[in-house]
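A short write-up of the structure that comes next.
The values are calculated or read from the model by the stated rules, or taken from the named source; none is laboratory data. Predicted model only: the values in this text are computed from it and were never measured. In this analysis, Cβ positions are derived from the backbone assuming ideal geometry, glycine residues included, and neighbour counts consider all displayed protein chains.
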Ligand code: XIL
């Protein structure tokens, strides 16, 4: 195969990119998007601050531009993200307790309802676990509404869009470590109690290497009975092409790893300014990392 999407499809997987609505008028960008990718994630346009800029008043203009682009071309959509401590609108940042809880659950219900039937997988909750060795939750206003806020969000998302796969998504979970084990224990608990969860996203923002137990970590989650997805892949450093191949092979070696998403198209589109962590250069040319991924798929 000669494109990432078609090569991934040979094994029933997707290959996606995070995209920005504001770049859909850039023909170089859109040509690469339409040629190479069969899944998209909105880089910012479906986040809380974008979709509910004032309480109870929803704006889907830019999220819909991305969704419509994808649907018109048969691309899957990863919804990102219903609840996250970052990129909360100012009004929600000023809430706490039961007021915040009900605003958050209403947000999940409204946004998941708006996109019902269009989303392959939703990141229902993003980055709720702490870095470091505690294995516990990140302190946040959402967490302070009660430890059950994550399961409440998943139940609300399932009720609003029963056809979407519901994911928990996080970073620094690339190997078997305290943080990934904390998430593993939550997923195991959810599965045992019937809390609706279908997938775990591994952001995989990497710097020149990947833990040796990356594949084993994906596999232990898959063995809990959830799909796993690589959701925000970008890799900086001189070993970039090799690490991209290693990550791609790890996904292909795990039957329940259903797809890979890179966090942008060209290096110049990346949130990691100056790090050139993506598969296409600023001019839209394929990099060595691109060929490395294509050959690994
Ligand atoms: C980033 C976007 O790429 C930036 O444009 C924005 O300014 C900040 O957020 N983890 C996530 C993504 O889950 O939503 C983040 O995206 C990158 C880290």
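The set of residues from segment 56-100 being surrounded by 15 or more Cβ atoms within 10 Å (Cβ to Cβ), within 13 Å of the ligand (Cβ to nearest atom) and more than 12 Å from residue 41 (Cβ to Cβ) comprises 62, 82, 83, 84, 85, 88.
Within segment 112-132, can one find any residue that is more than 20 Å from the chain's Cα centre (by Cα) and away from the ligand (no atom under 16 Å from the Cβ)?
First pass over segment 112-132, keeping only residues more than 20 Å from the chain's Cα centre (by Cα): 132.
With the extra rule that they be away from the ligand (no atom under 16 Å from the Cβ), the set shrinks to 132.
So far as segment 112-132 goes, yes, one or more of its residues are more than 20 Å from the chain's Cα centre (by Cα) and away from the ligand (no atom under 16 Å from the Cβ).
Looking at 207, 181, just one residue is within 16 Å of the ligand (Cβ to nearest atom), modelled with pLDDT of 95 or more and surrounded by fewer than 18 Cβ atoms within 10 Å (Cβ to Cβ), and that residue is 207. Given 135, 117, which one is in contact with a strand residue (DSSP E or B) (Cβ under 9 Å, 6 or more places away or on another chain) and either more than 29 Å from residue 261 (Cα to Cα) or outside any strand (DSSP E or B) (or both)? Of 135, 117, the one residue that is in contact with a strand residue (DSSP E or B) (Cβ under 9 Å, 6 or more places away or on another chain) and either more than 29 Å from residue 261 (Cα to Cα) or outside any strand (DSSP E or B) (or both) is 135. Criterion applied to 247, 226, 262 was being surrounded by 15 or more Cβ atoms within 10 Å (Cβ to Cβ), closer than 26 Å to residue 183 by Cα and free of Cβ contacts under 8 Å to residues at least 40 places away in the same chain, and the one residue passing it is 226. Restricting attention to segment 1-39, the residues that are assigned to a loop (DSSP other than H, G, I, E, B) and either out of contact with any strand residue (DSSP E or B) (no Cβ under 7 Å at 6 or more places or on another chain) or modelled with pLDDT under 95 (or both) total 10.
Tell me, yes or no, whether segment 230-238 has at least one residue that is more than 21 Å from residue 126 (Cα to Cα), modelled with pLDDT of 95 or more, buried (at least 17 other Cβ atoms within 10 Å of the Cβ) and in contact with a strand residue (DSSP E or B) (Cβ under 8 Å, 6 or more places away or on another chain). Yes, that holds for at least one residue.
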